[in-house]
Amino acid sequence: MLNELKRALVILGVLSALTGIAYPALVTGVAQAFFPAQANGSLIERDGKYVGSRLIGQYFVDQRHFSGRPSATAPMPFNAASSSGSNLGPLNPALEQTVIARIEALRESDRAQTAPLPVDLVTSSASGLDPQISVAGALWQVPRVARARHLPEQTVRELVLARTEGRQWAIFGEPRVNVLLLNLALDEVAAETASRPPGGRDRGPGDDG
Amino acid sequence: MTGNGILQLVLYVVSLLALAWPLGAYMARVYEGRIPVFMAWLRPVERAVCRLASVRDDDAMPWTRYAIALLVFNLLGVLTVFALQRLQEILPLNPEGLAAPASDLAFNTAVSFATNTNWQAYAGESTMSYLTQMFGLGAQNFLSAASGMAVLVALARGFVRREATAIGNFWVDLLRSVLYILLPLSIALALALVGQGVVQTFDGHATIELVEPVGFEQARLGPDGQPIRDAQGQPVIERSVTREQTIAVGPVASQIAIKQLGTNGGGFFNANSAHPFENPTPLANFLEMLSILLIPAALCITFGMLVGDRRQGATLLSAMTLVFVALLAVCVWAEQSGNPLFDRLGVDTRASELQAGGNMEGKETRFGVVASAVWATATTAASNGSVSAMHDSFTPLGGLVPMWLMQLGEVIFGGVGSGLYGMIVFALVAVFVAGLMIGRTPEYLGKKIEAFEVKMAAVAILVPPLLVLVGTAVAVVTDAGRSGIANPGAHGFSEVLYAFSSAGNNNGSAFAGLSANTPFYNLLLGLAMLFARYWLIVPVLAIAGSLAAKKSVPTGAGTLPTHTPLFVLLLIGTVIVVGALTFLPALALGPIVEHLQMIGSH
């Protein structure tokens with residue numbers, strides 16, 4: 001018994017060090033050497049500062065931006081320091097009230113849009129940090145965003161389709177659109193349009209003729 | 001359901017079975033000490049550890065000594081994890097300066113990880129330091145898994161050895177499980193996951209500048225950390241605006257790899273594998289899902305090889321796969337059919353190439369309905385317990401499937417090692433029942449199954465339901481138990497039943513609305529996890545010891561063959577009948593009545 005206790009102590013020490021220190025250290029070393037961007041959170045840099053992670057959603061309410069999945073994190077939505085789902089059961093009256101309120105808000109944002117709302121736009125994600133919405137969810141918002149930005153609907157729709165990720169390897173998961181990346185792309189288009197001389201033709205940065 | 005959905009399901013099951021075969025063969029060689037050449041370079045490490053701990057390969061233990069070694073080792077594991085949590089404030093690798101969890105939570109978590117349950121009453125990113133996660137929880141992920149695998153190997157030896165007193169050396173079995181099986185697989189999976197976007201860093205949380213500032217409301221807290229209340233007793237709400245997002249990171253990939261492979265399931269983050277940093281892409285999701293069932297499935301093959309009859313392993317694997325596929329179909333169907341509420345409100349829930357449709361509450365867009373339902377079924381078939389969607393928000397029948405899979409005793413694949421030894425216990429009962437029907441002494445794999453084995457099997461089969469039903473009953477009749485319930489009505493009962501089904505079968509998943517971080521639940525669920533783990537391991541080792549001491553009986557005309565489709569059905573029948581009879585009344589009060597309410601109200 002005492003012998004086994006001694007063995008247990010030694011083996012627990014050695015194996016804990018191996019699996020609890022050496023193993024994560026090794027994985028960290030290799031990860032930082034070969035996949036530094038992914039290992040540090042897939043952060044997006046714009047003009048020298050980090051504006052988000054391509055894997056972590058943000059909360060958008062501005063009509064000129066696409067909005068993402070509803071988020072149940074507290075105290076603010078998309079709190080990436082405290083992930084959480086709503087955990088509302090299917091028959092919970094609170095779920096019904098919340099979904100009705102979301103439908104109302106989305107309908108209010110675009111009275112002309114009569115298509116039914118895709119389910120992912122009115123249901124909260126599991127992590128509260130879902131970076132993506134369904135393609136249907138993005139297309140539903142196209143007319144509103146186009147109107148708010150004074151852009152042709154076609155331009156915005158093309159932007160959405162260009163940003164649509166298909167199933168991975170054509171099999172896995174679901175087609176989806178990353179909301180943050182889409183909105184950043186929209187903001188860039190808007191910035192280009194704003195910097196264009198009025199009435200002038202399209203100029204690229206390297207175009208001096 | 002779309003054609004792609006069916007393709008994803010088929011691909012999952014086929015990949016699982018295709019990988020289980022070679023891995024199972026490899027593990028059989030490892031446990032027989034015939035380490036293949038490509039892993040032989042680890043031999044010196046194994047020998048060095050053995051020498052350091054004065055363990056000898058040929059020092060075979062009787063079952064009692066084997067059990068004592070395992071219990072002592074696991075007890076030390078509990079104490080270590082408890083101490084690490086309570087001292088994390090003064091220990092290194094705590095960049096966020098997280099305080100020590102309360103002692104009831106620390107007890108619950110320590111037990112949870114040492115018993116391979118990984119029930120989490122805490123939110124990882126805001127509770128546990130990196131050191132606690134890695135050195136405490138991460139290490140136990142390996143060691144609890146290896147303990148389960150060791151018990152299975154000991155049981156296999158019980159069938160193989162004749163008139164022997166010993167069933168192998170626990171330390172050697174443990175060490176080999178970690179060194180040759182769990183570690184190499186984890187390293188490979190962890191790196192694959194980092195490539196997909198899982199974070200792996202020792203840095204503290206990242207802070208980014210939001211594209212849109214976010215306004216929010218929260219209760220103003222007093223100096224004691226409690227909300228300040230106004231004259232009417234309502235909490236004082238203050239409005240604030242934030243321009244930044246704090247993003248929790250950490251050494252995640254290394255932890256996720258072993259939590260999937262070792263049927264542990266304890267997430268680095270609160271949202272577990274629904275969190276984009278734990279499970280960033282559909283491909284990562286597929287790999288993580290495969291990892292849940294990979295070792296439990298492969299161990300069936302290993303067992304067949306160890307007992308010298310591959311058909312026996314294939315039979316057990318077939319029985320598991322059949323039950324799994326049937327329940328998987330129910331879960332996918334229920335979630336894709338969705339919640340009639342959404343249809344009543346005019347929301348579009350049809351699955352198409354543009355959206356997953358169905359019940360998307362508590363699910364991630366990248367996984368949709370099909371992959372989320374596969375995960376829920378796999379994680380509860382195995383005693384993994386990680387989640388990629390919130391089970392609490394599943395439809396009643398979609399939630400019934402994971403709950404019932406746990407209640408079946410975690411034998412449909414089950415935990416690494418523990419699932420298969422649980423299934424073998426059911427096989428003993430099945431041959432016993434068949435023996436009664438045909439009037440012969442029951443035999444299994446050449447050993448007579450007599451009163452002692454059947455008694456031990458009965459203990460192993462009856463302990464978990466006792467824990468689940470008594471625990472649930474206590475919780476729903478006490479204020480302390482009821483106060484944790486989040487959802488009203490039948491669903492609230494389901495939350496409690498699910499919690500005890502999870503702890504009482506060492507699964508670890510939850511209907512997470514339940515506020516389980518209270519002294520009441522921490523203590524009661526902690527005890528349930530302890531009993532569920534060790535009141536199975538000890539009887540199983542006793543069976544191993546008893547079988548090893550017996551002679552082998554030659555197959556005769558009266559022997560019931562245990563490698564036939566008939567036996568597959570008999571085994572499934574035994575598991576289902578025990579599970580259904582025991583839990584049908586409780587399920588009727590929870591998910592079944594909830595389902596009737598759901599379809600009746602529309």
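Quick look at the values:
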| read-out | value |
| --- | --- |
| Long-range neighbours under 8 Å by Cβ, at least six apart or interchain, first residue under 16 Å from B:Thr246 (Cα atoms) and free of Cβ contacts under 8 Å to residues at least 60 places away in the same chain within region B:189-209, second outside any loop (DSSP other than H, G, I, E, B) and acidic (Asp, Glu) | B:Thr207/B:Glu244; B:Ile208/B:Glu244; B:Glu209/B:Glu244 |
| Top-ranked residue of region A:175-189 - restricted to ones that are more than 14 Å from the chain's Cα centre (by Cα) and among the hydrophobic types (A, V, I, L, M, F, W, C), ranked as modelled with the highest pLDDT | A:Leu186 |
| Among (1) touching a strand residue (DSSP E or B) at 6+ places or on another chain (Cβ under 8 Å); (2) without any contact (Cβ under 8 Å) to a residue 24 or more places away in the chain - the single one A:Pro131 does not satisfy | (2) |
| The lone exception for A:Gly13 - which of (1) more than 8 Å from chain B (Cβ to nearest Cβ); (2) modelled with pLDDT of 95 or more; (3) touching a Leu at 6+ places or on another chain (Cβ under 8 Å) it fails | (3) |
| Sole residue being touching a residue at least 60 places away in the same chain (Cβ under 8 Å) and polar (S, T, N, Q), chosen from A:Gln38, A:Gln32, A:Gln97, A:Gln58 | A:Gln58 |
| Residue ranges of helices (runs of 4 or more DSSP H) in region A:18-121 with at least 1 members more than 7 Å from chain B (Cβ to nearest Cβ) and buried (at least 18 other Cβ atoms within 10 Å of the Cβ) | A:93-109 |
| Qualifying residues in region B:18-56 (those that are among the hydroxyl-bearing types (Ser, Thr, Tyr) and over 17 Å from A:Arg7 (Cβ atoms)) - the one farthest from the other protein chains (Cβ to nearest Cβ) | B:Tyr26 |
| Listing of helices (runs of 4 or more DSSP H) fully contained in region B:138-212 that carry 3 or more residues being surrounded by fewer than 24 Cβ atoms within 10 Å (Cβ to Cβ), at the interface with chain A (Cβ under 10 Å from one of its Cβ atoms) and modelled with pLDDT of 95 or more | B:183-196 |
| Any chance B:Gly362 is surrounded by 24 or more Cβ atoms within 10 Å (Cβ to Cβ), within 12 Å of chain A (Cβ to nearest Cβ) and either without any contact (Cβ under 8 Å) to a residue 12 or more places away in the chain or not in a helix (DSSP H, G or I) (or both) | yes |
| Residue ID - nearest to the chain's Cα centre (by Cα), chosen from residues in region B:228-272 that are of a type in the set (S, T, N, Q) and part of a strand (DSSP E or B) | B:Thr246 |
| The one condition in (1) assigned to a loop (DSSP other than H, G, I, E, B); (2) at negative phi; (3) within 36 Å of the chain's Cα centre (by Cα) that B:Gly225 fails to fulfil | (2) |
| Matching residues, region B:247-289, being touching a helix residue (DSSP H, G or I) at 6+ places or on another chain (Cβ under 8 Å) and aliphatic (A, V, I, L, M) | B:Ala248, B:Ala253, B:Ile256, B:Ala257, B:Ile258, B:Leu261, B:Leu283, B:Ala284, B:Leu287, B:Met289 |
| Odd one out for A:Trp140, checked against (1) more than 7 Å from chain B (Cβ to nearest Cβ); (2) part of a helix (DSSP H, G or I); (3) surrounded by fewer than 19 Cβ atoms within 10 Å (Cβ to Cβ) | (3) |
| Residue in region A:54-73 that is over 12 Å from the mean Cα position of the chain (by Cα), closer than 30 Å to B:Val496 by Cβ and in the same structural domain as A:Ser125 (by TED's automatic domain parsing) present | yes |
| Flag for B:Asp59 being charged (D, E, K, R), modelled with pLDDT under 95 and farther than 30 Å from B:Gly357 by Cβ | yes |
| When residues of region B:56-115 are limited to those that are touching a residue at least 60 places away in the same chain (Cβ under 8 Å) and aromatic (Phe, Trp, Tyr), the one nearest to B:Thr207 (Cα to Cα) | B:Phe113 |
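For (1) in contact with a strand residue (DSSP E or B) (Cβ under 9 Å, 6 or more places away or on another chain); (2) outside the structural domain of A:Gln132 (by TED's automatic domain parsing), each residue gets a yes or a no:
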residue: A:Lys6; (1), (2): no, yes
residue: A:Val10; (1), (2): no, yes
residue: A:Val30; (1), (2): yes, yes
residue: A:Ala33; (1), (2): no, yes
residue: A:Gly52; (1), (2): yes, no
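The values are calculated or read from the model by the stated rules, or taken from the named source; none is laboratory data. Model, not experiment: these values are computed from the prediction. Note: ideal-geometry Cβ built from the backbone for every residue, glycine included; neighbour counts use all protein chains shown.
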